[in-house]
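Presented below is the structure to which this report refers.
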Amino acid sequence: MLEVTGLQAGYGLSQVLFDMHLKIEEGQVVSLIGRNGMGKTTTVKSIMGLLKPNAGSVRIHGREMRGADPFRIAQAGLGLVPEGRRAFGSLSVRENLLATARQGKAGKWDLKRIYGLFPRLEERQDQLSKTLSGGEQQMLVVGRALMTNPNLLILDEATEGLAPIIRETIWSCLATLKSEGETILVIDKNLKEMARVVDCHHIIEKGRQVWQGTPAELANRPEISERYLGV
Ligand SMILES: Nc1ncnc2c1ncn2[C@@H]1O[C@H](COP(=O)(O)OP(=O)(O)OP(=O)(O)O)[C@@H](O)[C@H]1O
């Protein structure tokens with residue numbers, strides 16, 4: 001469903017991605033992991049069209065989409081939960097969710113199902129989103145991305161800075177989404193929690209994909225974790 005090959009990108013004269021590769025099949029949950037500043041968010045921005053790559057290929061459902069405008073990438077079915085929480089603060093929870101509902105696309109995600117996944121959002125549906133707790137806001141941005149009925153949901157550090165119990169809610173939500181056959185790319189630092197849902201890890205080091213394998217394979221290669229993840 002998504003295939004990234006030989007991707008190069010950067011900011012002005014500073015090149016960040018030198019040779020990124022990433023392949024995600026339908027129904028797979030795939031991770032992108034690596035130390036701080038190695039290019040994970042830059043990879044996501046390049047895939048989403050928020051940053052124009054200099055070389056390489058981004059194929060979505062077999063179609064070359066490198067450098068396409070972000071709205072075209074979203075139309076092709078990619079939904080992003082960006083790093084840092086950004087709900088529309090002056091809208092209620094319900095309005096936030098309805099704002100991203102994909103017009104005219106009969107998808108499986110609607111308000112009712114989002115509230116089923118996150119009952120807390122239903123309880124607070126009339127509350128302005130800027131008054132939500134950090135964890136509730138994170139549930140809201142995940143819900144908002146699902147309302148676009150994406151074929152591929154991308155989560156960039158979705159559990160960063162959250163209390164353990166809220167993190168657990170997000171991971172359980174991902175496990176539910178996986179069991180329902182959703183395709184997900186997750187960027188996170190919690191290897192233990194990721195092992196529950198991830199089919200394949202991709203490790204990035206200085207803008208290059210340097211290793212890929214299952215969580216079990218990674219657990220059997222402590223030298224890889226030590227070298228590239230510093231754990
Ligand atoms: N807007 C920008 N302008 C210039 N350099 C940037 C910009 N955004 C990121 N960088 C640089 O690009 C490199 C990769 O950053 P990126 O955010 O992709 O890393 P990351 O792997 O997602 O890191 P983290 O885990 O810390 O979020 C870093 O050296 C960073 O300083």
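The values are calculated or read from the model by the stated rules, or taken from the named source; none is laboratory data. A quick note: this is a predicted structure, and the numbers were derived from the prediction, not measured. Cβ sites come from the backbone with ideal geometry, for glycine too, and all protein chains shown count toward neighbours. Ligands, DNA and RNA are stripped out before the accessible areas are found, and what is left, the full protein with its side chains, is counted by its heavy atoms. Shrake-Rupley method; radii C 1.70, N 1.55, O 1.52, S 1.80 Å.
Odds and ends about this structure:
- Among Leu155, Leu177, Leu78, the largest mean-square fluctuation in a Gaussian network model of the chain, built with springs joining Cα atoms closer than 10 Å, belongs to Leu177.
- Both the radius of gyration and Dmax for the chain are 17.3, 50 Å, in that order, over alpha-carbon atoms.
- Cα-Cα separations in the stretch 10-112 greater than 21 Å, expressed as whole percent: 46 percent
- Compactness of the stretch 136-192 - radius of gyration and Dmax, Cα, Å: 10.8, 29
- Crossing angle, helix 134-147 versus the chain [Cα axis fit, 0-90 degrees, rounded to tens]: 80 degrees
- For the chain, built as a Gaussian network whose Cα springs stay under 10 Å, the top-fluctuating residue of Glu217, Glu83, Glu122: Glu217
- Rounded tilt (10° steps) of 164-179 against the dominant C-alpha axis of the chain: 80 degrees
- Computed with every protein chain present, the accessible area of Ser225 is close to 10 Å² [probe 1.4 Å].
- Surface share of carbon and sulfur [accessible, 1.4 angstrom probe, percent] for the stretch 27-115: 50 percent
- Averaged over residues, the count of other Cβ atoms within 10 Å places the peptides 195-206, 37-48 in the sequence 37-48, 195-206, highest first.
- Among Arg167, Arg35, Arg120, the largest mean-square fluctuation in a Gaussian network model of the chain (Cα springs under 10 Å) belongs to Arg120.
- Kirkwood Rh, angstrom, the stretch 1-58 [1 / mean 1/r, Cα pairs]: 11.7 Å
- Net charge of the neighbourhood of Val30, taken over other residues with C-beta under 9 Å away and scored Lys/Arg +1, Asp/Glu -1, is -1.
- Where N is the number of residues in the stretch 87-221, Cα Rg divided by 2.2 N^0.38 Å: 1.12
- Net +/- balance of residues flanking Lys189 in space, Cβ distance below 9 Å, scoring K and R +1, D and E -1: -3
- Entry note, the chain: relative contact order of 28 percent, from Cα contacts under 8 Å with a spacing of 6+ residues.
- Neighbours of Gly49, meaning other residues whose beta-carbon lies under 12 angstrom from its beta-carbon, give a summed charge of +3 when Lys and Arg score +1 and Asp and Glu score -1.
- Across the stretch 50-96, the fraction of Cα-Cα pairs farther apart than 13 Å, rounded to a whole number, is 67%.
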